[in-house]
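Single-structure report; data block below.
Since every read-out is calculated from the coordinates, none of them should be taken as a lab result. Here the structure is a predicted model, which is why all the values come from computation and not from measurement. Neighbour counts are summed over all protein chains in view; Cβ atoms, including those assigned to glycine, are modelled from backbone coordinates with ideal geometry.
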Amino acid sequence: MILRIEDLSVRLGGSHILQGVSFDVAATGVTALLGRNGVGKTTTLRAVLGEVPATGSVEYDGTPVLGRATHKLVRDGLAYVPEDRCVFAGLTVAENLRLAERVPDPDYDLVHELFPELKQRAAQRAGTLSGGQQQMVSIARVLLNPNRLLLVDEPTKGLAPAVVTNVAVVLERVAECVPVLLVEQNLAVVRRLATDAVVLEAGRTVWQGRAADLLGDAGATRSLLGVGSTAGRH
Amino acid sequence: MSTVVLLTLTGLGLAALYFLIASGLSLVFGLAGVLNFAHGLFLSIGAYVTWSVVGSWGLLPAILLGVAAAAATGALVELVLIRPLYTRHTEQVLVTVGLSLAGVALLQSVWGADARVFPRPAWASEVIGIAGAQVPADRFLLIGAAVVVLLGLLAFLRYTRYGLIIRAGVENRAMVSALGIDVRNAFTLVFAIGGALAGLAGILGGMYFSAISPGQGASLLIFAFIVVVIGGLGSVAGAAGAAVAVGLLQQFVNYYGTAGAGDVSVVVLLAAVLLLRPTGLAGKVATA
């Protein structure tokens, strides 16, 4: 296990958002964190990353990390691709990438191989990029550095179908080297990438197991995710 | 014509002072989200430390010491008083207001409540004839210093890694942390830079007004806050543009209108900008 979460609880603004989330993330492959809107998927990632106060236990590679500063966790290889990209709009593409460099020899070869467009748009302000191009910047920022686990939050949200496929291809390639905890609503992407799955409901873990078992069970998919098991099947 | 030239250069001199105070204030608020009412204290520290040693050290070393003392005060305030309160904004404002008041009392207890005559280079007391106007040379000193600071700050923001971190942090400091960067170091740095620039403003203000007093920082701070809001939080270039607008407006309205009308006109300008463009002239983007 690269990540073990036990009884994670988060209260924000008077709301009890996470009420005892527990699951493990395997040291290889993609673990999909699923559930309907508002069940606490993004909050779980932010709590692991130390962005919101939380109680319970989070072990990263065997070490308790709850309460550690975000920047220290990231320096330890826990990389984060946030929902809505969060690129720095006033900075150029090159500056967004330069800011993310954590090692003396950042892997620009990999970034430019996966996203050749970013090389051409290096001098363009990130705020003027399309949603898909901004997602490239957001993923490229973490790929510059060696990582031990990627937390990726809804990478295909709001993207055109062709771009969704490109993002999935990139994540598939990345997951060959680094385990990924993926929050994703697009079941076609989950079906393509995920080896394991965790389902949250009302701030609690209600299912964990093999992704294929969940997506192959029409009743479970409908009751847990609110969609038919064939959703996203091409 | 000569009156217009004199008013313009005097307004630009005043704008230079406002810019020196407002640029640091703007970066501090833009990056760290701190509304620092104690910023005027940094200004006074710079002025009084310079005044204290100028007789024995000479003017230039005294200025450098004054700027360094103000920068150190800024960094110390951030480390000791502000850092524990980054998630508690109300307490943060109370601390800076309290420090501002305590700072004035401290200055009075050390140097007295009376204004002190501030030294200036002999050439700054001369007047220079331009287009028929007799312009005091100290205006050019202020304008020159502000231009150098503006160019230096823009170069710092554009070409250094810390400048990059500050520009990014003004947009989204949580995301800067999520890239593995300890943004608190940048907070301390902008407080130190802001302190240094305020200290320099205090020294140049002493030369401009020919005197310093414990309350001078607080009175200049009001206009600096207006400049920050008009210019856009976190924008150095916006602060420069807003400072010029405020300084010129104040001078011209004070001269052609009634006494005090210049200050009122600045408040009207502030209200107009807030109504028409609430994010200020440059918005919340650290401009490089």
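Would you mind ranking B:Thr96, B:Thr3 by Cβ crowding within 10 Å, fewest neighbours first?
Numbers: B:Thr96 21, B:Thr3 12.
Least crowded to most crowded, the residues run B:Thr3, B:Thr96.
Taking amide H atoms as placed 1.01 Å from N in the peptide plane, list the residues 5 or more away in sequence, or in a different chain, whose amide H sits under 5 Å from that of A:Val52.
So A:Val52 has HN proximity to A:Ala47.
Could you pull out every residue, at least 5 positions away or on a different chain, whose amide H is within less than 5 Å of the one on A:Leu3? Hs are placed 1.01 Å off N in the peptide plane, and Pro or chain starts have none.
A:Val25, A:Asp61
Relative contact order for chain B: what is it in percent, counting Cα pairs under 8 Å that are at least 6 residues apart?
Taking the mean separation of contacting Cα pairs over the length of chain B, I get 36 percent.
GNM on chain B, C-alpha springs below 10 Å: top fluctuator among B:Gly46, B:Gly66, B:Gly58?
Among B:Gly46, B:Gly66, B:Gly58, the largest GNM mean-square fluctuation belongs to B:Gly58.
Run the simple label-point estimate for B:Arg88 and B:Phe156 please: 7 Å along Cα→C-beta, distance reported in nm.
My value for the distance between the label points is 3.0 nm.
As I understand it, the dipole of the protein assembly as shown uses +1 on the Cβ of Lys and Arg and -1 on the Cβ of Asp and Glu, about the Cα centre. Which of B:Tyr18, B:Gly98, B:Leu150 lies farthest toward its positive end?
Farthest towards the positive pole: B:Tyr18.
Quick one: Karplus J couplings for the stretch A:178-191, per residue in order, coefficients 6.51, -1.76, 1.60, θ = phi - 60°, nearest Hz, x for Gly and Pro?
Calculated HN-Hα couplings, in order: 10, x, 10, 9, 10, 8, 8, 9, 7, 5, 5, 5, 4, 4 Hz.
Would you mind working out the magnitude of the charge dipole of chain B relative to its Cα centre, with +1 at each Lys and Arg C-beta and -1 at each Asp and Glu C-beta, to the nearest 20 Debye? Spell out each step's value before the answer.
Details: 12 positive and 8 negative charges, 108 e Å.
Dipole of chain B, to the nearest 20 debye: 520 debye.
log10 I(q)/I(0), Debye, Cα-only the protein assembly as shown, no solvent, q = 0.10, 0.11 Å⁻¹?
-0.84, -0.95
Distance in nm between label sites at A:Ala89 and B:Thr279, each 7 Å beyond Cα in the beta-carbon direction?
A separation of 0.4 nm, rounded to one decimal place.
Compute the distance in nm between two label points, each set 7 Å from the Cα along the Cα-to-Cβ direction, one at A:Arg75 and one at A:Ala218.
Calculated label separation equals 5.4 nm.
About its Cα centre, how strong a charge dipole does the protein assembly as shown have in debye, to the nearest 20, once Lys and Arg get +1 and Asp and Glu get -1 at the Cβ?
Dipole of the protein assembly as shown, to the nearest 20 debye: 420 debye.
Under the definition of Cα pairs under 8 Å and six or more residues apart, what whole-number percent is the relative contact order of the stretch A:79-146?
54 percent.
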